[in-house]
Amino acid sequence: MNTRQLEYFLAVARELNFTRAAESMYVSQTAVTQQIKTLEEQLGVKLFERTKRKVTLTAAGRVFQEEATAILNRIDKAVQRTKEVTSGFIGTLNVGFTLGIGNTQVSERIRSFYRHYPNIAMQFTNLSPAALVRQMREGKQDLALMPLFYEKYYEDFCIRKLARDRLMAVMPWDHMLAQNQFVTWRELQNEPLIIAATKDSELGEDRIILDHFTRRGYQPNVVGYDEDVETIMFMVSCHMGISVFPEYLAVPEGGKITAVPFGAWEDHMDLVAAWMPDNDNPSLERIIPFLEEHLADEDIDRNNMGPDEMVPEE
């Protein structure tokens, strides 16, 4: 049994005339007659009662008409859904993200994408930047939303810059700098510094902070590394040191720690979407336009920075 036989059968069932059915299918009457005969032999039942004057469906034929219609409809739907998957309209997208990304404008772009493509199921995983990069290379994540440290560590990825966030000095609430409107790297050079990075700084996470000190001639006092942001916040609350985070890693207000922005507007961190170039998931092509935003150097969000804050480094 094949779909062509079902189509011939339904044409005859619709027309109740072999000649008209053959004409509607653009084939000879002999071809239709032969296919119906073969179908009846395969099913072991008679589908039509035929006389010289008319053709009628048998009881078995009426049941088979319903089933054949349903079968062809299911096949059409399967073909359509398969094509939709290839076009990226339906499917699954594994998205990894780092802590705090939900506090940025990126979450609104994900929301917009989801409204446009509700049939693309999104599976989210929260990991550290280094773990995300490893999973991307292992094919476990289709897309990563994460901070960009040094681009050389991402050379084998496709990268789209999404947003830019200013850096903040995170310190105990009663630190002598906690009430400042802004801080400078010079003021932090002797502070015990806890860096949010793996010990080996696989992605250059430490350099994105340390280079701010060294290029100004300061030697930072690094007392520890930890990949877990929550752990660092706890250590800061225990007066074990200070740290530097992008602003999107929201520090809870009214707690034991506070965050003070840097005074120079160029002190920032970029957020990016990253994926492997050989990833053939068609849904990637759909989500990227919703995420990317082309930012000029001056497009740092200054709405939250007063004119007195945007001062050159001392």
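The values are calculated or read from the model by the stated rules, or taken from the named source; none is laboratory data. Predicted model only: the values in this text are computed from it and were never measured. With ideal geometry, Cβ positions are generated from the backbone for all residues, glycine too; neighbour counts draw on all protein chains shown. Heads up: the accessible areas ignore ligands, DNA and RNA and are worked out on the full protein's heavy atoms, side chains in. Shrake-Rupley method; radii C 1.70, N 1.55, O 1.52, S 1.80 Å.
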(message) Helix-only mean residue ellipticity at 222 nm, the chain, DSSP H runs n ≥ 4 weighted -39,500 (n - 2.57), per residue, nearest 500. What is it?
(response) -11000 deg cm²/dmol
(request) Work out from phi, with θ = phi - 60° and the Karplus expression 6.51 cos²θ - 1.76 cosθ + 1.60, the ³J(HN,Hα) of each residue of region 234-239, listed in order in whole Hz, and give x for Gly and Pro. (result) 5, 5, 5, 5, 8, 6
(message) Sort T98, T56 by heavy-atom solvent-accessible area, probe 1.4 angstrom, most to least.
(response) T56, T98
(request) Mind giving me the FRET efficiency for N2 and K54? R0 is 25 Å, r the Cβ-Cβ distance, nearest 0.05 is fine. (result) 0.35
(request) List the residues whose amide H sits under 5 Å from the amide H of Y225, counting only those 5 or more places along or on another chain, with H placed 1.01 Å from N in the peptide plane. (result) I195
(request) Can you tell me the FRET efficiency between A78 and N279 if r is taken as the Cβ-Cβ distance and R0 is 22 Å, rounded to the nearest 0.05? (result) 0.30
(message) I'd like the Karplus ³J(HN,Hα) series for region 121-131: coefficients 6.51, -1.76, 1.60, θ = phi - 60°, whole numbers in Hz, and an x wherever there's a Gly or Pro.
(response) 6, 10, 9, 9, 9, 9, 9, 6, x, 4, 5
(message) With the crude spin-label approximation of a point 7 Å out along Cα→Cβ, what separation in nm comes out for R111 versus V222?
(response) 3.9 nm
(message) If you roll a 1.4 angstrom probe over the protein chains with everything in place, what fraction of the accessible area of region 86-206 belongs to carbon and sulfur, to the nearest %?
(response) 47 percent
(request) Can you list which of the GluC sites (Glu not before Pro) found in region 204-238 are DSSP loop residues with at most 12 other C-beta atoms within 10 Å? (result) none
(request) Quick one: go through region 149-167 and flag any residue whose amide nitrogen is under 16 Å from the point 7 Å out along the Cα-to-Cβ line of D200. (result) 153-154
(request) Over region 164-294, average the accessible area per residue using a 1.4 Å probe and give it in Å², no decimals. (result) 46 Å²
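Check each of the trypsin sites (Lys or Arg not before Pro) in region 169-216 and keep only those in coil by DSSP with at most 16 other C-beta atoms within 10 angstrom; list them in order.
For trypsin sites (Lys or Arg not before Pro) across region 169-216 that sit outside H, G, I, E and B with at most 16 neighbouring Cβ atoms in 10 Å, the list reads K199, R215, R216.
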(request) Leaving ligands, DNA and RNA out of it, work out the accessible area of W185 with a 1.4 Å probe and give it in Å² to the nearest 10. (result) 0 Å²
(message) Explain nothing, just compute: Karplus ³J(HN,Hα) = 6.51 cos²θ - 1.76 cosθ + 1.60, θ = phi - 60°, for every residue of region 279-290 in order, whole Hz, x for Gly and Pro.
(response) 6, 9, 5, x, 5, 4, 5, 7, 7, 4, x, 6
